[in-house]
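Before any comments, here is the structure.
None of the figures in this text is laboratory data; all of them are computed from the coordinates on show. The structure presented is a predicted model; accordingly, all values stated were derived computationally and were not measured. Neighbour counts run over all protein chains shown; Cβ positions are idealised from the backbone, glycine included.
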Ligand SMILES: Cc1cc2nc3c(=O)[nH]c(=O)nc-3n(C[C@H](O)[C@H](O)[C@H](O)COP(=O)(O)O)c2cc1C
């Protein structure tokens with residue numbers, strides 16, 4: 001089994017990165033081979049609407065023809081058995097880089113026929129990990145509006161999709177250095193010690209599921 005992991009956070013080893021690592025450990029515990037890609041290390045664009053992937057008898061029909069750092073990543077996803085994507089919430093959505101990645105990943109597969117079918121012929125398991133500053137109440141809204149919509153899109157194009165999220169994440173190592181009166185640093189640190197390990201366990205379990213368990 002090969003699991004592709006996409007980190008849509010600019011901070012490689014912070015909240016999103018740590019949860020992705022736990023999920024990779026979960027998948028690895030069941031023999032999955034994992035490949036981690038940090039989107040912010042790559043140079044690429046979102047879909048440029050060239051429609052090469054929709055050209056009748058075109059050599060790139062069903063495939064993104066843009067050539068940049070994302071090209072080999074998209075090819076690897078075609079070969080993988082499961083896909084895990086992580087993103088912080090930025091202004092109520094996934095990060096801009098992740099949106100650009102998703103445009104490139106998904107639009108190539110969308111067929112403009114009456115059935116709106118997909119050229120991605122196999123079904124793979126997909127996972128999403130979100131992290132956010134907000135608390136549980138706001139997360140419930142994100143769940144209804146963003147996470148379920150994303151699950152629907154992924155399910156339609158790629159396969160069964162599950163999501164988990166972590167709330168009230170630690171944003172800085174030292175809150176005293178930043179203007180951050182809106183937050184209670186002690187409560188955040190406590191949460192990091194007491195709740196975040198539970199989030200990591202959920203991520204581990206998601207990884208196990210992505211490995212086929
Ligand atoms: C540009 C920006 C926008 C953000 N917007 C939101 C938001 O709309 N809702 C929220 O709950 N958190 C928001 N956050 C906080 C991050 O989602 C949160 O700190 C996240 O855990 C960071 O992930 P990381 O540790 O992997 O970098 C924002 C952070 C940044 C930098």
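What nm value, rounded to one decimal, do you get for the distance between residue 78 and residue 12 when each label is placed 7 Å out toward the C-beta?
Those two pseudo-labels are separated by 2.8 nm.
Gap in Å between the Cα centre of segment 163-213 and the Cα centre of segment 120-134?
A separation of 18 Å, based on Cα centres.
For segment 133-190, count all C-alpha to C-alpha pairs, find those more than 18 Å apart, and express that count as a whole percent of the total.
49
Measuring from label point to label point, each 7 Å out along Cα→Cβ, what is the residue 55 to residue 134 span in nm?
The two pseudo-label positions are separated by 4.2 nm.
When the chain is treated as a GNM, springs tying every alpha-carbon pair under 10 Å, which of 61, 112, 44 comes out with the largest mean-square fluctuation?
Result: 112 has the largest fluctuation of those listed.
Take each of the peptides 83-92, 9-18, average the number of other beta-carbon atoms within 10 Å over its residues, and list them starting from the highest.
Ranked by mean Cβ neighbours within 10 Å, highest first: 83-92, 9-18.
For the chain, take the longest principal axis of its alpha carbons; what is the angle in degrees between that and the long axis of helix 185-194, to the nearest 10 within 0 to 90?
So the helix axis and the longest Cα principal axis differ by about 70 degrees.
In whole angstrom, note down how far apart the Cα centers of segment 61-83 and segment 11-39 are.
The two parts, judged by their Cα centres, are 19 Å apart.
Can you tell me which of 158, 20, 42 moves the most in a GNM of the chain? Springs connect C-alpha atoms under 10 Å apart.
Checking each option, the largest mean-square fluctuation is seen for 42.
Find the Cα radius of gyration of segment 2-210, compare it with 2.2 N^0.38 Å by division, and give the number to two decimals.
Compared with the compact-globule rule of thumb, segment 2-210 sits at 1.07.
For segment 2-210, what is the relative contact order in percent, using Cα pairs closer than 8 Å and at least 6 residues apart in sequence?
Relative contact order, segment 2-210: 28 percent.
Against the longest alpha carbon principal axis of the chain, how many degrees, from 0 to 90 and to the nearest 10, is the axis of helix 148-157 turned?
In the chain, helix 148-157 runs at an angle near 30 degrees to the longest axis.
Ignoring everything except DSSP H segments at least 4 long, calculate the 222 nm mean residue ellipticity for the chain; use -39,500 (n - 2.57) per segment, divide by total residues, nearest 500.
Helix contribution divided over all residues of the chain: -11000 deg cm²/dmol.
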